[in-house]
1. I'd like to check something: does the stretch 169-181 contain any residue that is in contact with an Asp or Glu (Cβ under 9 Å, 6 or more places away or on another chain), crowded, with 19+ Cβ neighbours inside 10 Å, over 25 Å from Glu69 (Cβ atoms) and in contact (Cβ under 8 Å) with a residue 60 or more places away in the chain?
2. Please work out if Arg63 is farther than 20 Å from Lys24 by Cβ, at pLDDT 95 or above and basic (Lys, Arg).
3. Among helices (runs of 4 or more DSSP H) lying entirely in the stretch 1-103, which contain 1 or more residues that are crowded, with 18+ Cβ neighbours inside 10 Å and polar (S, T, N, Q)?
4. If I filter the stretch 54-62 for residues that are over 27 Å from Glu151 (Cβ atoms), free of Cβ contacts under 8 Å to residues at least 40 places away in the same chain and acidic (Asp, Glu), do I get at least one hit?
5. If I ask for residues that are without any contact (Cβ under 8 Å) to a residue 60 or more places away in the chain, under 22 Å from Asp147 (Cβ atoms) and touching a strand residue (DSSP E or B) at 6+ places or on another chain (Cβ under 8 Å), which ones from the stretch 89-129 would you list?
Amino acid sequence: MSRPALVLFDIAGTLVADTGLTLKAYRSVLADADLPCDPDWLRSRYGCRKVEVFAELLEQSGRSEPGSEELAARYASTLEACMLESPPVIFPGVDAVFAILRSAGCDLGLVTGFDASTARLFNQIGDWSMEFVVGSDEVLRGRPSPDLVIEALERAGYSDPAHVACVGDTPRDLEMGFNAGCGWNIGVATGSYSMEELRRCPCTHVLESLEELPAVLLGS
């Protein structure tokens with residue numbers, strides 16, 4: 001197949017800049033719960049299913065209350081409030097990339113470590129009109145498992161991941177795409193990882209900017 005039928009995007013670091021909103025929400029929730037906040041450790045968990053992040057933090061602190069699901073829900077509501085107060089900064093060229101891919105017949109979707117409600121808010125603020133939005137609270141396992149991709153495939157009505165392109169900015173994104181068997185598994189060095197770091201991961205391409213994506217996927 002010369003081009004993908006479905007292109008799945010991560011959000012933070014891939015479509016929008018990390019302006020500190022994610023860490024701000026973590027700080028607020030952890031302070032309220034009297035849990036430690038290590039920014040470097042949290043950044044290393046970017047892209048993970050939030051309930052898993054909070055479960056790790058609770059285990060490290062020898063606590064079971066409040067539960068990880070409650071903390072993840074608090075995080076989602078806090079982040080969404082931050083987004084409405086200070087809208088996320090969308091990378092240049094994102095809308096043009098979406099338009100080019102759609103004109104070529106590609107379906108587009110979001111697969112993310114954020115909860116579905118947060119992902120839908122990103123979709124609304126960006127005015128992206130994504131065909132499919134899958135949040136980490138809608139699957140059993142987060143990255144690097146392939147569950148997000150599998151769920152998106154099912155919603156799109158496709159059965160073969162070889163027809164899917166997965167695009168993200170972290171090693172976990174690339175490991176997820178690899179584990180799902182995506183035909184295109186593409187890293188973009190617009191987040192917390194360099195091109196060199198992403199090239200060490202299982203991938204088909206590493207891009208400096210998302211604006212390079214149409215040429216890779218469509219050959220133009």
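The values are calculated or read from the model by the stated rules, or taken from the named source; none is laboratory data. Computed from a prediction, not measured in an experiment: that's the story for all the values here. Note that we place each Cβ from the backbone using ideal geometry, even for glycine, and neighbour counts take in every protein chain shown.
1. Yes, because at least one residue in the stretch 169-181 is in contact with an Asp or Glu (Cβ under 9 Å, 6 or more places away or on another chain), crowded, with 19+ Cβ neighbours inside 10 Å, over 25 Å from Glu69 (Cβ atoms) and in contact (Cβ under 8 Å) with a residue 60 or more places away in the chain.
2. Values: farther than 20 Å from Lys24 by Cβ: yes; at pLDDT 95 or above: no; basic (Lys, Arg): yes.
So Arg63 does not fit the description; no.
3. Values: elements: 21-32, 39-44, 50-60, 68-85, 94-103.
Of the helices (runs of 4 or more DSSP H) lying wholly inside the stretch 1-103, those with at least 1 residues that are crowded, with 18+ Cβ neighbours inside 10 Å and polar (S, T, N, Q) span 21-32, 68-85.
4. Checked the stretch 54-62: no residue is over 27 Å from Glu151 (Cβ atoms), free of Cβ contacts under 8 Å to residues at least 40 places away in the same chain and acidic (Asp, Glu).
5. The answer is Ala116, Arg120, Asn123.
The rows are residues; the columns are (1) at pLDDT below 95; (2) among the aliphatic types (A, V, I, L, M).
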position	(1), (2)
Leu8	no, yes
Thr19	yes, no
Lys24	yes, no
Asp34	yes, no
Arg49	yes, no
Glu80	no, no
